[in-house]
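Notes follow once the structure below has been shown.
Each reported figure results from applying straightforward, stated rules to the coordinates on display, with no laboratory input. Remember, it's a predicted structure, so these values are computed and weren't measured experimentally. When we count neighbours, we look across all protein chains shown, and the Cβ atoms used for this are built from the backbone with ideal geometry, even at glycine.
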């Protein structure tokens with residue numbers, strides 16, 4: 001899946017299409033530079049999933065847990081502040097990653113060696129004022 005995003009108004013539809021394209025998947029690993037829109041897109045994904053909580057970047061908490069209207073958990077990680085992979089072990093990443101619930105990770109490159117065998121890799125980049133999103137299933 002490759003999508004060109006012209007502006008914020010398109011993000012809800014992009015989120016809907018991303019979830020529909022990968023409807024069997026629950027783990028989405030985001031890659032991209034700071035400011036490219038990873039958190040903003042994750043907020044829209046949570047909207048589409050029916051999250052009733054306020055969605056914000058878990059930069060300081062590392063992980064936020066949200067609930068949908070059906071009381072299903074959604075996990076949102078921001079590994080930006082991690083100094084080592086050991087810190088991911090300390091927060092019990094396995095319980096979240098292998099829960100079968102939706103997981104969205106930012107700054108995933110810091111924990112790439114811990115990713116499940118199957119996940120959706122979402123790469124975002126800025127190019128001439130627009131965003132390019134590339135997503136595909138990775139199986140290792």
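Estimated purely from DSSP H runs of n ≥ 4, each contributing -39500 (n - 2.57), the mean residue ellipticity at 222 nm for the chain is -6500 deg cm²/dmol once divided by its residues. At the listed q of 0.13 Å⁻¹, the Debye profile of the stretch 64-127, built from one uniform point per Cα, gives log10 I(q)/I(0) equal to -0.38.
Starting from 0.36 nm per residue, how many nanometres of slack lie between residue 20 and residue 125 once their C-alpha separation is accounted for? Working shown, then result.
Values: separation 105, 0.36 × 105 = 37.80 nm, distance 2.16 nm.
35.6 nm is the gain from fully extending residue 20 to residue 125.
Springs join every pair of Cα atoms under 10 Å in this Gaussian network model of the chain, and among 14, 122, 54 the largest mean-square fluctuation is at 54. In this label model, residue 112 and residue 132 are separated by 1.8 nm, measuring between points 7 Å along each Cα→Cβ vector.
The relative contact order of the chain comes to 33 percent, based on Cα pairs under 8 Å that sit 6 or more residues apart.
Between 68, 39, 105, the residue with the greatest mean-square fluctuation in the GNM of the chain (Cα pairs under 10 Å linked by springs) is 68.
Hey, how many Å between the Cα centroid of the stretch 30-63 and the Cα centroid of the stretch 1-20? Computed from Cα coordinates, the inter-centre distance equals 14 Å.
Any chance you could run the full-extension gain for residue 99 through residue 57? It's 0.36 nm times the residue separation minus the Cα-Cα distance, nm to one decimal. Don't jump to the answer; show the numbers that get you there.
Numbers: separation 42, 0.36 × 42 = 15.12 nm, distance 2.07 nm.
Contour length minus Cα-Cα distance gives 13.0 nm.
If R0 equals 22 Å, the separation of the Cβ atoms of residue 2 and residue 34 corresponds to a calculated FRET efficiency of about 0.50. Largest GNM mean-square fluctuation across 99, 84, 57, computed for the chain with C-alpha springs under 10 Å, falls on 84.
Dimensions of the chain based on its C-alpha atoms, expressed as ranges along the principal axes with the largest first, amount to 39, 33, 30 Å.
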